[in-house]
Amino acid sequence: MEGNAPLLVIVDAANVVGSVPDGWWRDRRGAAERLRDRLAADGVPGRAGP
């Protein structure tokens, strides 16, 4: 992969959100949005930057 090529990350959000029994099933959309927002803010583990 080229050094300046954009990174494409595919996340199986249902499995990531469902891996922690924190009541996500009461607000599935909210859980997916929180995951999206966290990935956008914190970035992808193992990669620098958001």
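The values are calculated or read from the model by the stated rules, or taken from the named source; none is laboratory data. All values reported here derive from a predicted model rather than from experimental measurement. Every residue, glycine as well, gets a Cβ built from its backbone with ideal geometry; the counts of neighbours run over all protein chains shown. Protein only, heavy atoms only, side chains kept; ligands, DNA and RNA dropped before computing areas. Shrake-Rupley method; radii C 1.70, N 1.55, O 1.52, S 1.80 Å.
I need the full set of residues from the chain which are in contact with a Leu (Cβ under 6 Å, 6 or more places away or on another chain) and either at positive phi or assigned to a loop (DSSP other than H, G, I, E, B) (or both), in order please.
None - no residue of the chain is in contact with a Leu (Cβ under 6 Å, 6 or more places away or on another chain) and either at positive phi or assigned to a loop (DSSP other than H, G, I, E, B) (or both), so the list stays empty.
Taking the residues in region 6-22 that are without any contact (Cβ under 8 Å) to a residue 24 or more places away in the chain and closer than 22 Å to Gly49 by Cβ as candidates, determine which candidate is least open to solvent (accessible area, probe 1.4 Å).
Among residues in region 6-22 that are without any contact (Cβ under 8 Å) to a residue 24 or more places away in the chain and closer than 22 Å to Gly49 by Cβ, the one least open to solvent (accessible area, probe 1.4 Å) is Ala13.
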